[in-house]
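The next block holds one structure in the form of structure tokens; read it before the comments.
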Amino acid sequence: MTALGIYIAAINLAGFIIMGVDKKRAVRGAWRISEASLFMTALAGGALGCTLGMQYFRHKTKHWYFKYGMSAISLAQCILLAGLLHLTA
């Protein structure tokens, strides 16, 4: 696995995990992870993990900017990755 592949896997795992952590904190009424941090993780390459975490933990799914924003970032990153893979093949 290449360094890029390891990075993509790690950032998406991190995105999934922080959605779960933020949901747990929201339920407990504890200190939360900022929405900016959640979006920065998505923009750093972890949008698919964040989107899957949103669905799995049922977290932030009623906020339109998360519902559509994370999906749009995920789609853009998948298209970009497919393009990169096509260029290197």
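The values are calculated or read from the model by the stated rules, or taken from the named source; none is laboratory data. If you're wondering where the values come from, they're calculated on a predicted model, not measured in any experiment. As a convention, Cβ positions derive from the backbone with ideal geometry for all residues, glycine included, and neighbour counts pool all protein chains shown.
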Single condition residue 70 does not satisfy, out of (1) surrounded by 14 or more Cβ atoms within 10 Å (Cβ to Cβ); (2) modelled with pLDDT of 95 or more; (3) not aromatic (Phe, Trp, Tyr): (2)
Does residue 80 satisfy the criteria of being out of contact with any Gly (no Cβ under 6 Å at 6 or more places or on another chain), over 20 Å from residue 21 (Cα atoms), modelled with pLDDT of 90 or more and not charged (D, E, K, R)? yes
Out of everything in segment 20-46 that is of a type in the set (S, T, N, Q) and part of a helix (DSSP H, G or I), what residue ends up being nearest to the chain's Cα centre (by Cα)? 41
Filter result (crowded, with 20+ Cβ neighbours inside 10 Å, of a type outside the set (A, V, I, L, M) and part of a helix (DSSP H, G or I)) within segment 47-65: 49, 50, 51, 53
